[in-house]
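So the structure is just underneath, and the comments pick up after that.
The values are calculated or read from the model by the stated rules, or taken from the named source; none is laboratory data. None of the values given here were measured: they were computed from a predicted structure. Cβ coordinates were reconstructed from backbone atoms using ideal geometry, including for glycine residues, and neighbour counts include every protein chain displayed. Areas reflect the complete protein model, heavy atoms only, side chains present, ligands, DNA and RNA absent. Shrake-Rupley method; radii C 1.70, N 1.55, O 1.52, S 1.80 Å.
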Amino acid sequence: MSGTKKALRCPTCRTLVMEEDENFPFCSDRCRGIDLGKWASGGYRISSPILDPEVLEGLGGDATARGDHDEQD
Ligand SMILES: [Zn+2]
């Protein structure tokens, strides 16, 4: 019997990587990092709403403005 193992080529350096490899589908942790770096600096820009200045201002302002300020005596 010949078991068929899944294998893909490393997206970074095109090395054949077996499915059982811990870094699959990358050949190494280094290649994984390189690919992630491409995503971060490339055309794929994920804008997080949390990092939006307006959102931060709204959250912060609301939190501080509606604090417990009942000491008006
Ligand atoms: Zn690689």
Counted residues, the range 1-23 - those being more than 8 Å from the ligand (Cβ to nearest atom), open to solvent by less than 60 Å² (accessible area, probe 1.4 Å) and in contact with a Leu (Cβ under 8 Å, 6 or more places away or on another chain)
1
Considering only the range 3-19, state which residues are touching a Lys or Arg at 6+ places or on another chain (Cβ under 7 Å) and farther than 23 Å from Trp39 by Cβ.
Met18
When both residues are 6+ apart or on different chains and their Cβ atoms are under 8 Å apart, which pairs have a first residue that lies in the range 4-33 and is in contact (Cβ under 8 Å) with a residue 24 or more places away in the chain, and a second that is more than 6 Å from the ligand (Cβ to nearest atom) and not in a loop (DSSP other than H, G, I, E, B)?
Pro11/Asp35
